[in-house]
Amino acid sequence: MSWRTVIITEQSKLDYRLGYLVVRGIETKKVLIDEIKVLVIENPAISLTGCLIEALTEKKVKVIFCDSKRNPVSELVPHHGCHDCSAKIRVQIDWDEDIKASIWQEIISEKIRKQAGMLKKANKLKEAELLNSYIGQVELYDTTNREGHAAKVYFNALFGMDFSRSADNAINAALNYGYSILLSAFNREITANGYLTQLGLFHSNMYNPFNLACDMMEPYRVLVDQIVYYDQPKTFDKDAKHQMWSLLDETVVIDGTRQSLSNAIKIYSRSIFDAINERDAAYIRHYTLPNV
């Protein structure tokens, strides 16, 4: 089973040889591709061979490309995630609007529930109680926008009444970077299961190639918020970015077992597809944090 997150920071050439990723820089290093779950290309001066790209795609390694500021800007997404992806895509196109609305209602309810739990953990009890009151008010497709109301209360409680998600500061930089890591993890599972990332349940922006991942990741955003809240970064530098990648190795509980977050995303994603195809939101498996 793949488990490594490999981050390439220095100018180098990446090649494939006998099952290994070969990094040719000042020194030459090798990593077994079967062990790699995520490969982060952090320096635009890094080059990759076609043979390596083929091997990484075949092994379903998530490859993230960063810009000159070390921010994720794109990723390698295979055209064919599994053997029956053509059938899966036909099914996805025909997903019923009623079940999509029901699944979205469940996702947003769980997101607000997780936000309320985070506020309670941060001793913001009044705001946590308010968010808990929103959960029962979430309607199909969240037509009354409980998600938006909850978000305003939530972020102001965590980061102050003057905080805005559109501001250019270290906190937002850290949040956005963490969310991009989650987005990539969900894109990996969506394509691995044979579905299209472009066709969402609720999100339908014609310029967003990852609408479905944006839908599915919503309850997981709180895990990033938690890291940023307790760190309260004044700057968001290279070391902080590298530390954020350890998020995928955090332990959560899902379906009665302790799993890495990366594996939990896999279990949760499959349960979402089961819920849609079986027309029953009860199939969805949500994570909880382990009692330490």
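The values are calculated or read from the model by the stated rules, or taken from the named source; none is laboratory data. Given the structure is predicted, the values throughout are model-derived calculations rather than measurements. Positions of Cβ are generated from backbone atoms using ideal geometry, with glycine treated the same way; all protein chains shown enter the neighbour counts. The area values use the complete protein model at the heavy-atom level, side chains included, leaving out ligands, DNA and RNA. Shrake-Rupley method; radii C 1.70, N 1.55, O 1.52, S 1.80 Å.
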Subset of the stretch 118-146, residues without any contact (Cβ under 8 Å) to a residue 60 or more places away in the chain, surrounded by 15 or more Cβ atoms within 10 Å (Cβ to Cβ) and either closer than 20 Å to N176 by Cα or among the aliphatic types (A, V, I, L, M) (or both), comes to L119, A128, L130, L131, I135, V138
(message) When you scan the stretch 71-80, do you find a residue that is more than 21 Å from L261 (Cα to Cα), among the β-branched types (V, I, T), in contact with a strand residue (DSSP E or B) (Cβ under 7 Å, 6 or more places away or on another chain) and open to solvent by 50 Å² or more (accessible area, probe 1.4 Å), even just one?
(response) yes
Of those in the stretch 39-49 that are part of a strand (DSSP E or B) and open to solvent by 10 Å² or more (accessible area, probe 1.4 Å), the residue farthest from E189 (Cα to Cα) is S47
Subset of the stretch 242-254, residues in contact with a Lys or Arg (Cβ under 6 Å, 6 or more places away or on another chain) and surrounded by 17 or more Cβ atoms within 10 Å (Cβ to Cβ), comes to I254
The residue that is nearest to N193 (Cα to Cα), considering only those in the stretch 230-272 that are of a type in the set (G, A, S) and not in a helix (DSSP H, G or I), is S260
Selection from the stretch 1-60 of residues closer than 20 Å to G81 by Cα and out of contact with any strand residue (DSSP E or B) (no Cβ under 8 Å at 6 or more places or on another chain) yields M1, D34, G50, E58, K60
When the stretch 275-292 is checked residue by residue, the ones that are among the aliphatic types (A, V, I, L, M) and either surrounded by 16 or more Cβ atoms within 10 Å (Cβ to Cβ) or in contact (Cβ under 8 Å) with a residue 12 or more places away in the chain (or both) are A275, I276, A281, I284, L289
Of the residues in the stretch 186-235, those that are under 30 Å from N123 (Cβ atoms) and in contact with a strand residue (DSSP E or B) (Cβ under 9 Å, 6 or more places away or on another chain) come to P219, Y220, L223
Checked S246, S271, S262 against criteria (in contact with a Phe, Trp or Tyr (Cβ under 7 Å, 6 or more places away or on another chain) and small (G, A, S)); the one match is S271
Filter the stretch 255-274 for residues that are among the β-branched types (V, I, T) and under 16 Å from the mean Cα position of the chain (by Cα); the one that is most open to solvent (accessible area, probe 1.4 Å) is I267
Going through the stretch 177-212 in order, the residues found to be of a type in the set (F, W, Y), touching a residue at least 12 places away in the same chain (Cβ under 8 Å) and open to solvent by 40 Å² or more (accessible area, probe 1.4 Å) are F202, F210
Of the residues in the stretch 273-292, those that are over 20 Å from Q115 (Cα atoms) and either aromatic (F, W, Y) or assigned to a helix (DSSP H, G or I) (or both) come to F273, D274, A275, I276, N277, E278, A281, A282, Y283
Of the residues in the stretch 1-14, those that are surrounded by fewer than 18 Cβ atoms within 10 Å (Cβ to Cβ) and either assigned to a loop (DSSP other than H, G, I, E, B) or at pLDDT 95 or above (or both) number 7
Output for Cβ contacts, cut-off 7 Å, separation at least six or different chains, first residue free of Cβ contacts under 8 Å to residues at least 40 places away in the same chain in the stretch 97-111, second aliphatic (A, V, I, L, M), reads S109/I135; S109/V138
